[in-house]
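The values are calculated or read from the model by the stated rules, or taken from the named source; none is laboratory data. Predicted, not measured: the structure shown is a model, and the values here were computed from it. When we count neighbours, we look across all protein chains shown, and the Cβ atoms used for this are built from the backbone with ideal geometry, even at glycine. Accessible surface areas use protein heavy atoms only, side chains included; no ligands, DNA or RNA. Shrake-Rupley method; radii C 1.70, N 1.55, O 1.52, S 1.80 Å.
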Amino acid sequence: MDYASTYWIVSLADVKTALSVDDTEDDEIIGQILSRVSEEFNEYTGRTLLASDLTEYYNGDGTTLLYLDSYPVNSTTSTMEVYVDDDNDFDADSKLASTQFWIETKVGAVKRLGDNFPAGIRNIKVVYNAGYAAGSMPEPLRGAAFDMCRQYYMARDERPDVNSISKGDTSRSFIDGRFPPGVRAILDDYKRYS
């Protein structure tokens, strides 16, 4: 996935405000940092956090429930496309009618009504929109993003694989080499359901 500005979980302007940066001299480096933080947060949580149009393939397991990779789901049964096709062609005949499934938007679950999702390998295709709208990213995630951007910005002249940062009287260590403990705790709350 390309982590251009359309995938940033917070805006460049908001990050610059958090960093107390008033000019445009470091916009490119801050943008690169913001791309890195957004990608790392999506990877760690196993979700696409910023609302995006997604096409995903799943293995059917013979049950009525399918858990999507990303949530909250913004699509409705009218705008989500669910295909079930053992031949993996996913043509119009394999598309479920909007009355054949129900969506639990908060957790990203699709329930098939009146039938099961048949067992198979990549025999289900779902086209949908999920993630938080640009202006509704939860505050804990925004704060964690600002904290990580600040950490990377402070370390921009150091090696990118450092697991601790020292500037002046301030020193921070990263337990897993990526996230300070407070950021990791917040991200743990947003990890994808298994």
**OP:** In vacuum, with every alpha carbon of segment 72-147 counted as one equal point scatterer, what does the Debye formula give for log10 I(q)/I(0) at q = 0.11, 0.17, 0.22 Å⁻¹? Two decimals, please.
**Re:** -0.38, -0.70, -0.98
Subject >> Rounded accessible area of TRP102 (nearest 10 Å², 1.4 Å probe) >> reply: 120 Å²
**OP:** Could you please state, rounded to a whole Å, how far the C-alpha centre of segment 121-145 is from the C-alpha centre of segment 92-109?
**Re:** 18 Å
**OP:** Taking the Cα centre of the chain as origin, sum charge times position over the Cβ atoms of Lys and Arg (+1) and Asp and Glu (-1), and report the length of that vector in debye to the nearest 20.
**Re:** 660 debye
Subject >> Of MET154, MET80, MET137, the one that fluctuates the most in a GNM where the chain has Cα springs shorter than 10 Å >> reply: MET154
Subject >> Dipole of the chain [Lys/Arg +1, Asp/Glu -1 at C-beta], most positive-end residue of TYR152, ILE103, LEU34 >> reply: ILE103
Original post:
P(r) for segment 16-105: what percent of alpha-carbon pairs falls in each 5 Å bin, starting at zero?
Top reply: 2, 10, 16, 18, 14, 11, 8, 7, 6, 5, 3, 0
**OP:** Please report the relative contact order for the chain, taking Cα pairs under 8 Å with a sequence separation of at least 6, and give it as a percent rounded to a whole number.
**Re:** 26 percent
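So how many Lys-Lys pairs in the chain land under 18 Å Cα to Cα, not counting same-chain pairs under 8 apart? If you can, show how the numbers build up before the last one.
On the way: LYS95/LYS111; LYS95/LYS125; LYS106/LYS191; LYS111/LYS125.
Number of lysine pairs found: 4.
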**OP:** Counting only heavy atoms of the protein chains, get the accessible area per residue of the chain (1.4 Å probe) and round it to a whole Å² value.
**Re:** 53 Å²
Original post:
In a Debye calculation with equal point scatterers on the alpha-carbon sites of the chain and no solvent, what is log10 I(q)/I(0) at q = 0.09, 0.14 Å⁻¹?
Top reply: -0.42, -0.82
Subject >> Degrees, to the nearest 10: 139-154 long Cα axis against longest axis of the chain >> reply: 40 degrees
Original post:
Under a plain spin-label model, where a point goes 7 Å from the Cα along Cα-to-Cβ, how far apart in nm are TYR193 and THR76?
Top reply: 2.2 nm
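Would you kindly state how much longer the chain becomes between ASP91 and THR6 on full extension, computed as 0.36 nm times their sequence separation minus their alpha carbon distance, in nm to one decimal?
Values: separation 85, 0.36 × 85 = 30.60 nm, distance 3.00 nm.
Separation in residues times 0.36 nm, less the Cα-Cα distance, equals 27.6 nm.
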